[in-house]
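Report on the structure given below.
The values are calculated or read from the model by the stated rules, or taken from the named source; none is laboratory data. Please read these numbers as outputs of a predicted model, since none were measured by experiment. Please note: Cβ atoms are built from the backbone with ideal geometry, for glycine as well, and neighbour counts cover all protein chains shown. Areas reflect the complete protein model, heavy atoms only, side chains present, ligands, DNA and RNA absent. Shrake-Rupley method; radii C 1.70, N 1.55, O 1.52, S 1.80 Å.
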Amino acid sequence: MKTNGFYITEIRLKGKKKEDAKIILKKGLNVISGASDTGKTYIFQLINYMFGSEDEPKAIDESIGYSTIYLEIKAYSGKEITLKREIGESTIHAYESKIDEIHVLQNYVKLKAKHDKDDKDNISSFLLSLTGIEGMLLRKNARGNKISFSFRHFAGLIMLNEEKI
């Protein structure tokens, strides 16, 4: 049984006096399609932001009033995890539950958005641990210099926007 890896099951936006906006995804390839200016790029930016990008999702009219992003993932081991990030913040909270099961007194792990090979409390190390490839090095140049492999390196390979397609 495959136990390394994960997939996204839901992306949800919350805001004060706003109805939740959400999209449900399934295991396997998910293609988000639609006419121009319907939010496809915004969804891509939300996922990228939750995976540790410093770039906040660009505001669109429909996003006004939303301030919190939730990203629910399911690990192949069966564990369900929800990541929560306030737009504009560099901290991500990781809960061991589905979005709808989070409660005020629930424990969570506080993760930094930026990768740090010396401090494992970051989203990159957290996600790489779910894939089973944490602690790897990446060859940087022809001289053989190496850098710490981060989830940001991996995200560039697995996330395809309309420009890459």
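What residue, of ILE64, ILE87, ILE102, ILE60, is open to solvent by 90 Å² or more (accessible area, probe 1.4 Å) and either modelled with pLDDT of 95 or more or over 14 Å from the mean Cα position of the chain (by Cα) (or both)?
When all the criteria are applied, what remains is ILE64.
Which condition from (1) touching a Ser or Thr at 6+ places or on another chain (Cβ under 7 Å); (2) touching a residue at least 40 places away in the same chain (Cβ under 8 Å) is the one that GLU86 breaks?
(2)
Inside segment 106-124, can you point out the residues that are in contact with a Lys or Arg (Cβ under 8 Å, 6 or more places away or on another chain) and either surrounded by fewer than 15 Cβ atoms within 10 Å (Cβ to Cβ) or not hydrophobic (A, V, I, L, M, F, W, C) (or both)?
Listed by number, the residues that qualify are TYR108, HIS115, ASP119, ASP121, ASN122, SER124.
State all residues of segment 71-84 that are open to solvent by less than 80 Å² (accessible area, probe 1.4 Å) and either part of a loop (DSSP other than H, G, I, E, B) or hydrophobic (A, V, I, L, M, F, W, C) (or both); if no residue qualifies, say none.
LEU71, ILE73, ALA75, TYR76, SER77, GLY78, ILE81, LEU83, listed by residue number.
Scan segment 131-144 residue by residue and report those that are open to solvent by less than 70 Å² (accessible area, probe 1.4 Å) and either hydrophobic (A, V, I, L, M, F, W, C) or at pLDDT 80 or above (or both). So that I can check it myself, show each step before the final result.
So in segment 131-144, the residues open to solvent by less than 70 Å² (accessible area, probe 1.4 Å) come out as 131-133, 135, 138, 141, 144.
Selection gives THR131, GLY132, ILE133, LEU138, ASN141, GLY144.
Give the residues of segment 25-57 that are in contact with a helix residue (DSSP H, G or I) (Cβ under 6 Å, 6 or more places away or on another chain) and open to solvent by less than 20 Å² (accessible area, probe 1.4 Å), sorted by residue number.
Result: PHE51, GLY52, PRO57.
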